[in-house]
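This report refers to the structure that appears directly beneath it.
The values are calculated or read from the model by the stated rules, or taken from the named source; none is laboratory data. Just so we're clear, the structure is a prediction, and the values are computed from it rather than from any experiment. Glycine also receives a Cβ, built like all others from the backbone with ideal geometry; neighbour counts cover every protein chain displayed.
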């Protein structure tokens with residue numbers, strides 16, 4: 001899976017030694033904020049010193065994070081981790097449609113106007129709430 005956003009926080013590096021093998025380990029945790037109308041914050045981690053060094057980033061960087069989700073059960077409770085395996089600098093197009101859009105805009109064929117049929121008015125209460133709160137930036141709930 002992939003997610004695009006800006007790194008807003010880098011938590012302190014966690015280090016330790018495996019009780020089973022005696023090998024040292026490192027875990028770096030980041031907080032990413034998506035770039036949507038209603039931004040979401042996602043906390044993800046990079047495990048292993050080699051991956052941490054290969055995927056260095058700093059606060060304020062716009063990144064595309066490739067990650068795996070995993071859930072584990074312990075004493076009847078479930079815990080989910082977002083474990084990143086690659087961090088790319090900048091926003092990377094993840095769909096072929098997004099990549100093809102600039103090519104379509106620069107085509108040599110002239111555009112011909114087309115008639116657009118009027119859409120029926122909706123009476124959805126969420127549309128009414130959105131219209132009422134459009135300028136103040138607050139959520140309607």
Count of residues meeting criterion [without any contact (Cβ under 8 Å) to a residue 40 or more places away in the chain and in a loop (DSSP other than H, G, I, E, B)] in region 32-78: 9
Considering region 17-28 alone, what residues qualify as being surrounded by fewer than 16 Cβ atoms within 10 Å (Cβ to Cβ) and in contact with a strand residue (DSSP E or B) (Cβ under 9 Å, 6 or more places away or on another chain)? 17, 18, 23, 24, 25
Are any of the residues in region 85-93 out of contact with any strand residue (DSSP E or B) (no Cβ under 9 Å at 6 or more places or on another chain), exposed (fewer than 10 other Cβ atoms within 10 Å of the Cβ) and at pLDDT 50 or above? no
